[in-house]
1. For the stretch 56-118 and the stretch 121-167, what is the separation of their Cα centres, given in Å?
2. Eigenvalues of the Cα gyration tensor times 5, then square-rooted: what semi-axes does that give for the stretch 113-174, in whole angstrom, largest first?
3. How big is the Rg/Rh ratio for the stretch 39-115, C-alpha atoms only, Rh by Kirkwood, two decimals?
4. In whole Å, what are the Cα extents of the chain along the three principal axes, biggest one first?
5. Per DSSP H run of n ≥ 4, the term is -39500 (n - 2.57); total these for the chain, divide by its residue number, and report the mean residue ellipticity at 222 nm rounded to 500 deg cm²/dmol.
6. Could you work out how much longer the chain between residue 130 and residue 69 gets when fully extended? Use 0.36 nm per residue separation minus the Cα distance between them, nm to one decimal.
7. Given 69, 90, 100, which one lies farthest toward the positive end of the charge dipole of the stretch 6-176, if we put +1 on the Cβ of every Lys and Arg and -1 on the Cβ of every Asp and Glu?
8. Determine, for 75, 61, 134, the number of other Cβ atoms within 10 Å of each Cβ, and report the residues in order from fewest to most.
Amino acid sequence: MTKINKRRVEEFIRVDHAGERGAVKIYEGQLLALNTFVKDENLKKTIEEMKVHEKEHCEFFENEIKKRNIKPTKFLPLWDLLGVGLGFGSTLLGKKAAMLCTASVEEVIDEHYLNQINQLDKSEKDLKKKISKFRQDEIDHKDIAYNEGATKKGPYLLLDKIIKTGSRIAINISEKI
C-alpha cells in the first residue's frame, strides 16, 4: 500500500471535524425540542448519552485541526444551523423521526469512516485507531436508534433518503472547502 498523501489526510480530518460537530448540533437541536415542546424524559436521556460520544469525537478532531494546522470547512456556520434545525425538526415529528435521524446519519457515517479506515496506512495508525473507535460508537448509536423505534416504513423512508442525501452532500463539500 502506498503512503496516503498529506492532502487526503487533511481532507479526512476536516470533514470528520465538521461531521462530528454536526452530530453534536443535531443532538442539541433534538434536546432543544425535548426541553421546550416535546416531553419525553427517556428519549432525552438516550440523546444526552449519545451526545457525550459525539462531543468526545468532535474534541479529538478539533485538536487534530489545531495540531496539524488544517483549516476547518468554511461551511461550519451553515452546518451548525442545519444540524440544529434537523435535530429540532425531526424531534417535533416524533420519537420515530428523531431516532430515524440518528440512524440515517450514522449509516452514512459508518460507510464514510470505513472508507477512511481502508485508505489510512501505518503512517497514520493513531488516526486510524481513533476513527475505528469512533465508527464503533456510531454503529452503537445506530443500533440504539433502531431499538428506540427508528423505522423506514411509510413516509419515514422519504425522511431517511433526505437525511442521507444531505449528509453525503455535506461530506463532499466539507472535504474540499
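1. 10 Å
2. Details: eigenvalues 159, 53, 10 Å².
Gyration-tensor ellipsoid for the stretch 113-174: 28, 16, 7 Å.
3. On the way: Rg = 14.5 Å, Rh = 14.3 Å.
A ratio of 1.01.
4. 50, 28, 26
5. Numbers: 6 runs with 144 residues, N = 177.
One gets -28500 deg cm²/dmol as the mean residue ellipticity at 222 nm.
6. On the way: separation 61, 0.36 × 61 = 21.96 nm, distance 1.88 nm.
Length difference between fully extended and current span is 20.1 nm.
7. Of the options given, the answer is 69.
8. Details: 75 15, 61 25, 134 21.
The order, fewest Cβ neighbours first, is 75, 134, 61.
Readers should treat all values here as calculations from the given coordinates under stated rules, not as data from a laboratory. Keep in mind that what you see is a predicted model, and the values were worked out from it rather than measured. As a convention, Cβ positions derive from the backbone with ideal geometry for all residues, glycine included, and neighbour counts pool all protein chains shown.
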